[in-house]
Amino acid sequence: MEQRLDYDVSGTDLEVYHHHEINSYISGRDNVFAKSSTGLRYEISDLLYLTMSYNADYESDPAPGTEEEDSTWVIGAGFEF
């Protein structure tokens, strides 16, 4: 199940977003995966944008020796055409 929320801040070239996804197995392993990304996107021009986001992942039954939760701050730039 994936959910997306995108909001354009009126009067600016700024977009606020939150995307998350939750998955689980119907049969077999009893494991739930959750991923989310929350951030800002600023359009410099029609082709160039900057982003900053906080990404978080969760797995209820991770592989041995790994953590259930993982989080990262991401700063980037991109081209859109």
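Say each of ILE22 and THR66 gets a label point 7 Å from the Cα, pointing the same way as Cα to Cβ; how far apart are those two points in nm?
Those two pseudo-labels are separated by 2.1 nm.
Please quote Rg/Rh for the chain to two decimal places, taking the Kirkwood radius as Rh and restricting both calculations to Cα atoms.
1.11
Can you pull out the trypsin sites (Lys or Arg not before Pro) in segment 3-81 whose DSSP state is coil and whose Cβ has at most 13 other Cβ atoms within 10 Å?
Sites meeting the loop and neighbour criteria: ARG29.
Readers should treat all values here as calculations from the given coordinates under stated rules, not as data from a laboratory. For clarity, every value in this text was computed on a predicted model and none was experimentally measured. Every residue, glycine as well, gets a Cβ built from its backbone with ideal geometry; the counts of neighbours run over all protein chains shown.
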